[in-house]
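Below you'll find the structure, written out as structure tokens, and then a few comments.
Computed from the coordinates by the stated procedures, all read-outs in this text should not be read as laboratory data. Here the structure is a predicted model, which is why all the values come from computation and not from measurement. Positions of Cβ are generated from backbone atoms using ideal geometry, with glycine treated the same way; all protein chains shown enter the neighbour counts.
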Amino acid sequence: MKLLVIIHILVCIVLYLLLRLGVLKATRNIFPIVCLVPVWGFVSLLLLEFDTRRGRKEGVQTGVEKLLIEDDTQKNILAEEDQEHRNVAPINEILAMNDSKTRRSVIMDVLYDDPGGYVEQLQEASVNDDTEVVHYAVTALIELQKEFEQKLLKLERKRKHEPDNQEYREEYFHLVEQYVESGLSEESSLKAYLRIYSGLLEEELQKKGESFSLYRKKARADLKQKEYDSAYQSIRKLIEGWPDRETGYLEQMEYYAALKDRDGIKKTIKEIRDGEVHLSPAGRAAVGFWQRDTEDDTGRKEA
């Protein structure tokens, strides 16, 4: 009997190390079951490991890889399916609760599960009034940022050694894109990677030609780094190439708003009306807001 207990303890230690080192891909939440339920706990771990690896082969992504999904619709669908699967209250609502024990439990679940899927919530938790929750959230954000930067550095080295490797190039492009949009990067590194991202987008445009999504991404990237001339060129490409879509006009209003040019905003609203552009509810809200703002400004000047 003692021998069986010793073997079980040794197996638990080995499994724990394999989980920590990332050799085993299953979630570490299974480990307490392995320890407390001999034999069947180990069988459960094997089944979960098999299921996790099969999911990865079929393209089911976790962690930072989950953030690399390019299509926004796909991301939303996956997030909704994940939310339904776990059937838990939104993390931001739980963090607003007064029960510190629950808040800490949620943060620990996020750390062990998929911190990459909760960047915004972790950022909210990092300014929580519970110091332990703050510690866990900041730790998760730092780890995610390190993971991104390590992947970027590895890919940069690979690209230098094999500059013509299309696979590395595409992987690097998507990783940079997700990094600048994740909200994880600090201001100094964000500026640097925005420049890199804008350059990669320009290369993609030269390679693929006219592209609605690429022009939009380039316009937004250039607006973020205050490269207004370049942003305007991309915006006009959007409007001229796709005059019946609202996106270019909305981006142009953001461009004029950044320059504090109310006349430019008025001109854009007139373009929308003259072109009879169909607006989504969000587009109508944006136009209504800027229209009221310019009218209020005109009223103030006349007064």
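For segment 169-261, trypsin sites (Lys or Arg not before Pro) are listed when DSSP marks them as loop and at most 13 other Cβ atoms sit within 10 Å of their Cβ; the list is LYS226, LYS260. Cross-link check: pairs LYS160/LYS224; LYS207/LYS266; LYS2/LYS146; LYS154/LYS237; LYS160/LYS260; LYS191/LYS260 evaluated at a Cα-Cα cut-off of 32 Å; pairs beyond the cut-off: LYS207/LYS266; LYS2/LYS146; LYS154/LYS237; LYS160/LYS260. Across segment 263-278, computed HN-Hα scalar couplings (Karplus, 6.51 cos²θ - 1.76 cosθ + 1.60, θ = phi - 60°) run 5, x, 5, 4, 4, 5, 4, 5, 4, 5, 5, 5, x, 6, 6, 6 Hz from first to last residue, x flagging Gly and Pro. Extents of segment 210-296, largest first, come to 34, 25, 19 Å (Cα atoms, principal axes, whole angstrom).
Length available on full extension from GLU156 to PHE50: 0.36 nm per residue minus the Cα-Cα distance, which gives 34.9 nm.
Here r is the Cβ-Cβ distance between GLU171 and ALA282 and R0 is 30 Å; the resulting FRET efficiency, rounded to 0.05, is 0.40.
Annotation for GLU132 and GLN291: the two label points, set 7 Å from Cα along the Cα-Cβ direction, are 5.4 nm apart.
Summing charges over neighbours of ARG159, with a neighbour being any other residue whose Cβ is under 13 Å away from its Cβ, gives -1 when K and R count +1 and D and E count -1. Near ASP244, within a Cβ-to-Cβ distance under 14 Å, what is the net charge of the other residues, with Lys and Arg +1 and Asp and Glu -1? That sum, taken over residues with Cβ under 14 Å, equals -3.
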